[in-house]
Amino acid sequence: MKSVYFLFLSVALILANLTPFDASPLEKRWNKPCCPVSRCVFTQGDIPAVAPPGFAGNTFNGYLQFVQSPRPTLQIDGIINIFGTVNGPIEGVYDVHVADCSTANTTTPGDPAILDLDFASFNQPIFSASTVSIADIQNQCCFVVDEFSTNERILGIAPVIPVVDCANITSSPVPTVTAGPSNPSSSP
C-alpha cells in the first residue's frame, strides 16, 4: 500500500508544473494611499450633541462602520445590540438610516435617508450600492428609529465620525533593508 502511495506522489510531482506562480493578476488597483473609514458608535445612555430636545439617550450599545473600498463600494458592518431582537432582517421593526443630523427634530427622524439599512442583516457583512461613497455620509448621523409608535421614536443616534481620514496621509516608499553586519563597528 505504501508503494502505491509513493508511486502516486512521485507521478504527481513529476507532472506538476513547478514554474513560479505568476502574481500579475494581483496588481495594485487602488491608486490611493489608504482606504477611508468612518464609524457611528452608539453608547447606551449617551446623549449626542446632535440629539433633539427631550431625547433620553441611546437605548443600546452598538456601532456601524463604513469603509470605502477600491471597487468603489462602500462596505458596511456593525452590531446593533437592541435587547430582545434577533439576527436577520429588521424591516418593519426598526429604521436604520444614515441621514442629515437635522432630521432628528422631525416627525420622521432619519428620513430622507442617504443610506437605508432596513433590509440589512447584521450577522453578515453589508455592502451598499456603489452609488454612495464615504464622502456622501460625512457630517451625517446614524439613526435607529422605532416605527411601531404613533410618533416615531429614536432609539439611537450617533454622528458619523472619521476613523481613518486619508486627506492628510501621503504615500511613502517601503524602506529597503540591506544585508550586512548588524554592528559595523564590530567588524575585524
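For the range 109-131, what are the residues that are modelled with pLDDT under 90 and in a loop (DSSP other than H, G, I, E, B)?
Correct list: L117, D118, F119, A120, F122, N123, Q124, P125, S128, A129, S130, T131.
What is the residue count in the range 97-108 for residues that are buried (at least 16 other Cβ atoms within 10 Å of the Cβ) and assigned to a helix (DSSP H, G or I)?
Count: 3.
Can you pull out the residues in the range 49-73 that are in contact with a helix residue (DSSP H, G or I) (Cβ under 9 Å, 6 or more places away or on another chain) and under 17 Å from I137 (Cα atoms)?
V50, F66, V67, Q68, listed by residue number.
The values are calculated or read from the model by the stated rules, or taken from the named source; none is laboratory data. Here the structure is a predicted model, which means the values were calculated and not measured. Positions of Cβ are generated from backbone atoms using ideal geometry, with glycine treated the same way; all protein chains shown enter the neighbour counts.
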